[in-house]
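Below is one structure, written out as structure tokens; comments come after it.
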Amino acid sequence: MPDIILALLRIIFLGLVYLFVWQVARAIGTHLGISLRRSRREGTRVVMIKSETQQGTEIDVQDVTVLGRSPEADVNLDDPYASEFHMRLVAQDNGMVLHDLGSTNGTYVNGRRVIAPTSLRRGDTIQVGKTVMEVR
Amino acid sequence: MTRNTEGALIVAASVLAAFGVTLVNFAQDRSLDAQTALTFLVFLIAFGGLHLAVRAFAPKATPLLLAPVTALTALGFFQIYRLDLAMETDRASFQRWWILIAATLASLTLLVFKGTTISILRRYRNITLLVSLALILLPNLPADWGFPLRGLSVNGSRLWVLLDVGFTSFQFQPAELAKLGLVAYVAGYLADHQRALREAKRHIGPIAFPEPRQLIPLLITWGVSVLILISQRDLGASLLLFVGFVLLLYAATGTTGYLVAGGFMGLVAGVASYLAFDHVQRRVIAWVAPFEHYEDEGFQIAQGLFALGTGSLSGAGPGLGRPDLIPNASTDFIFAAVGEELGFAGTVSVIALFAVTVAVGLGIAFRSRDTFRKLFAAGLSFVLAVQTILIIGGILRLVPLTGITLPFMSYGGSALVGNLILVALLLRISHEEAP
């Protein structure tokens, strides 16, 4: 057996071992609901597309996320028109539900003021004061 | 991951075993022979069969455990085969038989528990304990009496039992099965006494210590460990038993004091046995200064380190190193042999597979709601983890070398049987605890 082929086979063998380890790790990841490729459920990310200071901020909603001006909110909204605890986003099997927490200046989804809890879909816009967010 | 992915990964691991054997043959200028097909078939039948047994008897068991275990067995097997060629032994074909036997017994374990639950081990835990202790003491039977079951002394350790059935004889290490029974007993005991053990605490500084009365089980286990050390001269089993027990006690109570007390008792026993027994002394000398004692005590460890060093990053290649220069390479030092031929890359993949296996086991413990199953799963995982750490640590000279074999990879039938049954028990627990 020529040395060059042996060397090649040897590297292929090690490669296969690592491919196996990778597959096992990936299988465990998907089993536990963690994906190694950072993919996530559709429609549970909010991106600030218009904001004076927080432009481009991405928020991944896991279970329940509270947004507001208070530093104690899960996500801080830097907008003078936002209330201390302005709204709550709850992740669902497909997408999210938005609850307005009795904010002074209101929350607008696709330009309409939120009165009751509202389901969000990919592409919806959320407006709080001067801040505009988009669901992705 | 679904059961189907598990099946596919088991086939892949069987291919890995056969590919390794083929590569060794090529490297040794041998032609493609029946070994390749035989190895593939044995792995497929054994682990594929176990996979089917899980489908039939424990369908809700985790599908994450069997694949890494198959891969570890495959990596160990190809190295055993490779050492066979160098040493002109015939261990690989024995190991193939043992793989089949162990997978059959693991499947039978699943079948036995199918009609009942694993909690019967808790209910009859005193019987489990007696059977385990009897198994541990079995090798102390006289070696030269007429009865077909005899004790056997190998390399100064009295661990083996010889069963003579006339035309042929079997050797096995009953302690490999006894350790499972002991874990079941301790888990049952702790599950019944958890509250008392957890609440009886005294705080000394920041560390909570248990009431002296609650230390009695710890003292008993410590005594049994020392007894094994004296009567059978088996440092490894005695250390495994004690460390496993202390860890399980800590897992059950969350009392740091047990770790401190256990560490202290272990230290006392360690120093005392170092002073009293020359076989412990030799181990420590070989650990501290293997190269100064290269000619005698340190030879095995030094050869193991040379092998790992020669292996370097990607190894000499399957069949191209000299792992046969390490004494007892296919049993104690299989990790160093893999390190020589597959290098750092190979050893890292081995450690990753062990880490995954233990993590899945502990995951089963975390998700269990029943206390006994939780502690049993944790204990079984600890047994795997402690064995792996002790032997790999011993080879890497992090801890003194103990006579423990690497689970799933080392040559040895009893250990393979014990460890695959351990896996079957973990699978059964995860089946019973599945939502």
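Selection of segment B:335-348 for residues being surrounded by fewer than 21 Cβ atoms within 10 Å (Cβ to Cβ) and within 14 Å of residue B:72 (Cα to Cα) yields only B:348. When residues in segment B:276-292 are screened for being surrounded by fewer than 14 Cβ atoms within 10 Å (Cβ to Cβ) and among the charged types (D, E, K, R), 2 of them pass. Within segment B:36-62, if we keep just the residues that are polar (S, T, N, Q) and buried (at least 20 other Cβ atoms within 10 Å of the Cβ), the residue that is nearest to the other protein chains (Cβ to nearest Cβ) turns out to be B:62.
Residues that are without any contact (Cβ under 8 Å) to a residue 12 or more places away in the chain, of a type in the set (Val, Ile, Thr), surrounded by 13 or more Cβ atoms within 10 Å (Cβ to Cβ) and within 14 Å of chain B (Cβ to nearest Cβ): does segment A:30-41 have at least one?
Residues of segment A:30-41 that are without any contact (Cβ under 8 Å) to a residue 12 or more places away in the chain, as a first pass: A:30-39.
Now drop any that are not of a type in the set (Val, Ile, Thr), which leaves A:30, A:34.
Among the residues that remain, those that are also surrounded by 13 or more Cβ atoms within 10 Å (Cβ to Cβ) are: A:30.
Right, trim to within 14 Å of chain B (Cβ to nearest Cβ) and you get A:30.
Scanning segment A:30-41 turns up at least one residue that is without any contact (Cβ under 8 Å) to a residue 12 or more places away in the chain, of a type in the set (Val, Ile, Thr), surrounded by 13 or more Cβ atoms within 10 Å (Cβ to Cβ) and within 14 Å of chain B (Cβ to nearest Cβ).
Every residue in segment B:275-305 that is closer than 14 Å to residue B:395 by Cβ, among the aliphatic types (A, V, I, L, M) and free of Cβ contacts under 8 Å to residues at least 24 places away in the same chain, please. Don't jump to the end; show me each part of the working.
Applying the first criterion (closer than 14 Å to residue B:395 by Cβ) to segment B:275-305 yields B:283, B:286-287, B:290, B:298-305.
Applying the additional criterion that residues be among the aliphatic types (A, V, I, L, M) yields B:286, B:301-302, B:305.
Result: B:302, single match.
Which of the strands (runs of 3 or more DSSP E) found entirely inside segment A:1-115 contain at least 1 residues meeting this: in contact with an Asp or Glu (Cβ under 7 Å, 6 or more places away or on another chain)?
Working: elements: A:45-50, A:58-60, A:64-68, A:87-91, A:96-100.
Once the strands (runs of 3 or more DSSP E) in segment A:1-115 are filtered for at least 1 residues that are in contact with an Asp or Glu (Cβ under 7 Å, 6 or more places away or on another chain), what remains is A:45-50, A:64-68, A:87-91.
Note on segment A:42-53: residues that are more than 9 Å from residue A:133 (Cα to Cα) and surrounded by fewer than 16 Cβ atoms within 10 Å (Cβ to Cβ) amount to 3.
Within segment B:64-84, does at least one residue satisfy the condition of being of a type in the set (Lys, Arg), assigned to a helix (DSSP H, G or I) and either in contact with a strand residue (DSSP E or B) (Cβ under 6 Å, 6 or more places away or on another chain) or more than 22 Å from residue B:326 (Cβ to Cβ) (or both)? It would help to see each step written out before you state the result.
Of segment B:64-84, the ones of a type in the set (Lys, Arg) are B:82.
Next, only the ones that are assigned to a helix (DSSP H, G or I) stay: B:82.
Still in the list and also either in contact with a strand residue (DSSP E or B) (Cβ under 6 Å, 6 or more places away or on another chain) or more than 22 Å from residue B:326 (Cβ to Cβ) (or both): none.
The answer is no, given that none of the residues of segment B:64-84 is of a type in the set (Lys, Arg), assigned to a helix (DSSP H, G or I) and either in contact with a strand residue (DSSP E or B) (Cβ under 6 Å, 6 or more places away or on another chain) or more than 22 Å from residue B:326 (Cβ to Cβ) (or both).
Would you be able to say whether some residue in segment B:357-366 is touching a Phe, Trp or Tyr at 6+ places or on another chain (Cβ under 9 Å), facing chain A (nearest Cβ under 10 Å), buried (at least 21 other Cβ atoms within 10 Å of the Cβ) and assigned to a helix (DSSP H, G or I)? Yes, segment B:357-366 contains at least one residue that is touching a Phe, Trp or Tyr at 6+ places or on another chain (Cβ under 9 Å), facing chain A (nearest Cβ under 10 Å), buried (at least 21 other Cβ atoms within 10 Å of the Cβ) and assigned to a helix (DSSP H, G or I). Tell me whether segment B:80-87 contains one or more residues that are within 14 Å of another protein chain (Cβ to nearest Cβ) and not aromatic (Phe, Trp, Tyr). Taking every residue of segment B:80-87 in turn, at least one turns out to be within 14 Å of another protein chain (Cβ to nearest Cβ) and not aromatic (Phe, Trp, Tyr). Annotation note: Cβ proximity below 7 Å between a residue of segment B:308-319 that is facing another protein chain (nearest Cβ under 10 Å) and a residue that is polar (S, T, N, Q) (sequence gap 6+ or interchain) occurs for B:316/B:310; B:319/B:28.
Answer yes or no: is there a residue in segment B:227-247 that is at pLDDT 85 or above and among the hydroxyl-bearing types (Ser, Thr, Tyr). Looking for residues that are at pLDDT 85 or above and among the hydroxyl-bearing types (Ser, Thr, Tyr), one finds none in segment B:227-247, hence no. Among the residues making up segment B:19-35, those that are without any contact (Cβ under 8 Å) to a residue 60 or more places away in the chain and within 13 Å of another protein chain (Cβ to nearest Cβ) are B:19, B:22, B:29, B:30, B:31, B:32.
The values are calculated or read from the model by the stated rules, or taken from the named source; none is laboratory data. The shown structure was predicted, so the numbers you read here are calculated from the model rather than taken from an experiment. Here the Cβ is made from the backbone with ideal geometry for all residues, glycine too, and neighbour counts use every protein chain on show.
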